[in-house]
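Input: a single structure, listed below in structure tokens.
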Amino acid sequence: MPDATLFDRDTLEQAFLDLGRQARLDGRVVEIAIYGGSALMLTMPWRIATRDVDAVFERDKGWVRKAAAAIAADRGWPADWLNDGVKGFLSRVDEDPGIKSLFRTYPSEAEPGLRVFVPRPEYLFAMKCRAMRVGGVEGNQDIEDIRRLALEIGLQSAAEALELLSGFYPDHLIEPKTRFGLEEIFDLWAGKSEGGS
């Protein structure tokens with residue numbers, strides 16, 4: 001990996017391939033769900049890198065941690081390159097049918113060792129909004145992801161965004177910073193459209 005703190009799609013897929021091969025050697029078929037920047041990078045052409053891989057792997061937690069640590073040691077990566085810190089942002093609908101789909105099987109569909117799932121764009125949008133970092137909306141990767149996902153989904157206003165968000169999280173979990181952030185994002189977006197830039 002050119003930059004030890006950034007994963008591009010090829011690097012991440014190679015890591016998944018290694019995990020899948022190891023799982024096959026161990027007689028396992030492991031399933032993980034990928035969220036955040038890594039899910040965007042795998043599914044959207046505009047996200048080209050991520051700093052870590054947010055994932056959930058409840059059923060095979062011990063095995064995944066050990067295998068990921070071995071990959072990190074082999075490649076000189078941070079030990080937490082694959083982590084489950086995202087669990088605090090999961091929605092109440094995380095286990096609903098159709099909320100996630102199979103992205104790919106590694107090393108292959110015919111020889112499964114690792115199945116990687118990704119959430120629908122609407123769910124990724126809701127998670128990004130809930131995790132929105134405090135700060136200006138210019139030059140912030142979370143904000144750029146939110147803007148791009150809003151375009152992908154077809155959202156036109158902060159009100160539409162908040163309505164979508166409420167389908168994933170109860171009202172008390174949608175913080176004021178998220179509400180104000182969405183208003184600022186859509187206001188800025190509208191201003192740029194009116195100004196022709």
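Would you mention how many residues in the range 75-98 are in contact with a helix residue (DSSP H, G or I) (Cβ under 6 Å, 6 or more places away or on another chain) and either of a type in the set (F, W, Y) or assigned to a loop (DSSP other than H, G, I, E, B) (or both)?
Here the count works out to 3.
Would you mention how many residues in the range 149-179 are within 22 Å of G37 (Cα to Cα), of a type outside the set (S, T, Y) and surrounded by fewer than 19 Cβ atoms within 10 Å (Cβ to Cβ)?
12
Return the residues of the range 1-60 that are assigned to a helix (DSSP H, G or I), more than 19 Å from the chain's Cα centre (by Cα) and at pLDDT below 95; say none if nothing qualifies.
Filtering the range 1-60 down to residues assigned to a helix (DSSP H, G or I) leaves 9-25, 36-43, 58-60.
Remaining after also requiring more than 19 Å from the chain's Cα centre (by Cα): 18, 20-25, 59-60.
Passing the criteria: R59, D60.
Hey, any hits in the range 16-37 for a residue that's closer than 16 Å to D145 by Cα, without any contact (Cβ under 8 Å) to a residue 60 or more places away in the chain and not assigned by TED's automatic domain parsing to the domain that holds R148? Steps first, please.
As a first pass, look at the range 16-37 and keep what is closer than 16 Å to D145 by Cα: 34-37.
With the extra rule that they be without any contact (Cβ under 8 Å) to a residue 60 or more places away in the chain, the set shrinks to none.
Checked against the condition, which is being closer than 16 Å to D145 by Cα, without any contact (Cβ under 8 Å) to a residue 60 or more places away in the chain and not assigned by TED's automatic domain parsing to the domain that holds R148, the range 16-37 yields no hits at all.
Please work out if A49 is farther than 22 Å from P119 by Cα and small (G, A, S).
Details: farther than 22 Å from P119 by Cα: no; small (G, A, S): yes.
Considered against the rule, which asks whether it is farther than 22 Å from P119 by Cα and small (G, A, S), A49 comes out as no.
Check whether at least one residue in the range 82-101 is buried (at least 17 other Cβ atoms within 10 Å of the Cβ), within 15 Å of the chain's Cα centre (by Cα), aromatic (F, W, Y) and at pLDDT below 95, and report yes or no.
yes
The values are calculated or read from the model by the stated rules, or taken from the named source; none is laboratory data. Everything quoted here is computed from the prediction, not taken from an experiment. Positions of Cβ are generated from backbone atoms using ideal geometry, with glycine treated the same way; all protein chains shown enter the neighbour counts.
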